[in-house]
Amino acid sequence: MNGRLLYPFVLGAGALQAFGVVMNAQLRGALVNPWLAAAVSFLPIVFVFLTMLAIRPTPLPRTEDLAKMPWWAPLGGLAGAVAVFGGLLFVDKVGAGPFNGLLITANLLTSLALDHFGWLGMPRHRAGRARLVGAVLMVAGIVLIAVF
């Protein structure tokens with residue numbers, strides 16, 4: 001399947017993420033304790049994925065699949081949780097635009113390095129001039145959003 005056909009889904013997920021950090025900040029305000037708010041925020045996610053697993057239990061990994069898995073692979077959710085927790089604590093203090101702009105720009109710059117160096121098993125995609133210019137424009141854009 002052509003990866004570009006997935007772009008509308010990715011754009012929708014990014015838009016939802018902007019709403020999500022604001023919703024989580026409101027949740028933290030109502031529940032007061034950020035750890036409780038984070039737990040409550042993740043409960044629907046756990047429910048949805050456990051329900052989907054019950055509905056579509058296959059395929060399941062084989063022993064060989066698990067043996068080949070890098071030790072750090074299960075930590076992806078924890079990495080995402082840091083962004084969620086950051087939103088719980090900071091989005092109402094810095095604003096949705098700067099928070100998401102910084103988050104997305106850091107994500108993009110890190111992603112360019114992951115692609116360029118092939119870190120974490122990613123296929124290598126050279127960070128050529130056009131990609132680097134795009135990164136500079138992203139950084140310039142977030143500076144404008146954060147400052148003004």
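A short reminder: the numbers here are calculations on the coordinates, not readings from a lab. This is a predicted model, so every value here is computed, not measured. In this analysis, Cβ positions are derived from the backbone assuming ideal geometry, glycine residues included, and neighbour counts consider all displayed protein chains.
Using the Karplus curve 6.51 cos²θ - 1.76 cosθ + 1.60 with θ = phi - 60°, work out ³J(HN,Hα) for each residue of region 58-64 in order, rounded to whole Hz, and write x for Gly and Pro.
Coupling constants for region 58-64: 10, x, 10, x, 8, 4, 5 Hz.
Kyte-Doolittle mean at least 1.6 and Cα extent at least 30 Å along the axis: which DSSP H helices of the chain qualify?
Span-like helices, by this rule, are 34-55.
THR63 to MET23: extension gain in nm, 0.36 nm per residue of separation minus the Cα-Cα distance?
Full-extension gain reported as 10.4 nm.
Sorted from fewest to most neighbouring beta carbons within 10 Å, what does the list TRP71, TRP35 look like?
Listing TRP71, TRP35 from fewest to most nearby Cβ atoms yields TRP71, TRP35.
So what's the back-of-envelope 222 nm ellipticity for the chain, counting only DSSP H runs of four-plus at -39500 (n - 2.57) apiece and dividing by all residues, rounded to 500?
The per-residue figure over the chain is -26000 deg cm²/dmol.
Compute the separation of the alpha-carbon centres of region 1-39 and region 85-139 and state it in Å as a whole number.
Result: 16 Å between the Cα centres.
Sort LEU27, LEU132 so the one with the fewest other Cβ atoms within 10 Å of its own Cβ comes first.
If I rank by nearby Cβ atoms, fewest first, I get LEU132, LEU27.
Could you tell me, in Å, what Rg and Dmax come out for the Cα atoms of region 3-147?
18.0, 52
Radius of gyration and Dmax for region 1-46's Cα atoms, expressed in Å?
Gyration radius and largest Cα-Cα distance of region 1-46: 14.3, 45 Å.
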